[in-house]
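The values are calculated or read from the model by the stated rules, or taken from the named source; none is laboratory data. For clarity, every value in this text was computed on a predicted model and none was experimentally measured. Glycine also receives a Cβ, built like all others from the backbone with ideal geometry; neighbour counts cover every protein chain displayed. Heads up: the accessible areas ignore ligands, DNA and RNA and are worked out on the full protein's heavy atoms, side chains in. Shrake-Rupley method; radii C 1.70, N 1.55, O 1.52, S 1.80 Å.
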Amino acid sequence: MKKRFDRFFPWLFVIGDVAILTLSFFLASFVLQDTSQFFGPESSMLLIFILVWLVITLLRKDYKWGRTIKPDKIIEKQLGSLVWFLAIVAIIWMPVALDNVRLTYFFVLSSFLFFLLGFYRVSVHMVLRKYRSKGFNFRNAVILGKGKESSQLEHIIRLRKDFGIRFMGYYDDTVEGPLAKGNISRFFEEAVENKIDLIYINEYLDEKLIKKVIHFADEHYIKVKIIPGNTLQLEKKLSFSKYGDFFVINVNEIPLDFMFNRFVKRSFDLIFSLFVTVFILSWLIPLVGLLIKLESKGPIFFIQERNGANNHVFKCLKFRSMTPNDYSDTHQAVKNDPRVTRIGAFLRQTSLDEMPQFLNVLIGDMSIVGPRPHTVPMNKLFQTQIDKYNSRHKIKPGITGLAQVKGFRGEIENSYQIRSRVRLDFFYIQKWSIWLDLGICVKTVYELILNRENAY
């Protein structure tokens, strides 16, 4: 059953994909049927689009899901295929002179495809996990070489039954116990008879023995995975780079090292900041500027040097909320700060003083979401006090960030606050996804409305 299921699953997956694709085309036509006589592509063109989708998803191997894959990776893979598909649709079907109805149809279709395919694929993933947790579609696995990391892996396999991996035991030359199946020589005698599907090898085994096991596995169509030692059991994702026939492990690679992820994040930044600039800043800057000028002499904007990506210094924009003073770079605003003007107090309380930073986002110095930038003097001070502080400069700073929505905003009164910010910034950098950005944006709005305690 376990082997037969894997033969049939790609076909079931493809059939479901085609059904969702066809449904999306018809739903888009149904939604727009009252707007004009245009009801979407003809049947022959729809067939071509289905073939295009099949080619894209089969080439990108969308149907190949690892047993430990997470839903966000499924969505990420789907998004990549969808971008390719929509680009081809736009090229071969959208006319040179776009009419409004057809353009609307294209965007409605894109929305249906994204949400319906995402729902379908994640649902299939959840059903598969439930199916495997019941003891079906399993893989027989053994571990060669007992050690701390081997025990950790065994614990995870036993705990996560939804992975569908049945742990058979250890083969080790020295270890005895209820899970010990004998020495490693015995493994070669029993592997085929016991129908082993997965071999996990402790990296500390002898190199010649590891090569022998891999050769044996290749001969008998068994998957082999190496268990990294303690030095590589880090709380981060590992990937590999290939130099000819030689592989190296990328230990500190982050999601935004990948061009597609940078493109998604920058696109979100541009769309969001352009919208704010055109529809809000266009009238907010003259209005706030007039109020600032009426209350005190000085510029409308407060321009301050701050550290950005790769510690690059940029000029950060804010509405001026204080009377001009010589301590703005070194002294943070405190409660009832005498330097803050009346209009400045309102701007800070509502966070409107930060609005010009959308211009920083637009020109590329900042992002909507990211670690909050500090002044250059504060940055130099924190570098000497906080471990891994500089790691927060791997990406662009943000108008808002994970640390801010978790309550760490405003004045830094003690070392605990800045250490907590840095830990949350580090987590964000390692775990970035567009969904995390969207979640932080929603949480920021909530914080702005209901939690103003540290805004002064």
The long-range amide H neighbours of Arg166, using H built 1.01 Å from N in the peptide plane and a cut-off of under 5 Å, are Arg139, Asn140, Ala141
For segment 106-213, what class follows from the C-alpha gyration tensor (a ≥ b ≥ c being the square roots of its eigenvalues): rounded when a/c is under 1.5, otherwise prolate if a/b is larger than b/c, else oblate?
prolate
For Gly398, enumerate residues with amide H under 5 Å from its amide H, sequence gap 5+ or separate chain, H modeled in the peptide plane.
Ser367, Gly370, Arg372
Unsatisfied cross-links (Cα-Cα over 23 Å) in the set Lys265/Lys443; Lys64/Lys134; Lys293/Lys318; Lys70/Lys146
Lys70/Lys146
Okay, which of segment 63-91 sit inside 19 Å, backbone N to the point 7 Å along the Cα-Cβ direction of Val55?
63, 80-91
Once amide H atoms are placed 1.01 Å from N in the peptide plane, what residues at a sequence separation of 5 or more from Met322, or on another chain, have their amide H within under 5 Å of its amide H?
Thr341
Using the beta-carbon distance between Phe275 and Lys225 and R0 = 51 Å, what value does 1/(1 + (r/R0)^6) give for FRET efficiency, to the nearest 0.05?
0.65
So, R0 is 22 Å and r is the distance between the beta-carbons of Lys293 and Ile363; what FRET efficiency does that work out to, to 0.05?
0.35
Expected unfolding gain across Phe115-Leu284 under the 0.36 nm per residue rule, minus the alpha-carbon gap, is 57.3 nm
So which trypsin sites (Lys or Arg not before Pro) in segment 359-446 pass both tests, a DSSP loop state and at most 13 other Cβ atoms within 10 Å of the Cβ?
Lys388
Full-extension gain in nm, Val83 to Ser420, via 0.36 nm per residue minus C-alpha separation:
117.6 nm
Leaving out ligands, DNA and RNA but keeping every protein chain, what accessible area does Val442 have, in Å² rounded to the nearest 10, with a 1.4 Å probe?
100
Net lengthening on full extension, Asp72/Thr384 (0.36 nm per residue, minus Cα-Cα)
108.7 nm
I need the phi-derived Karplus couplings for segment 59-70: 6.51 cos²θ - 1.76 cosθ + 1.60, θ = phi - 60°, integer Hz, Gly and Pro marked x.
5, 7, 6, 4, 6, 8, 10, x, 5, 9, 5, 9
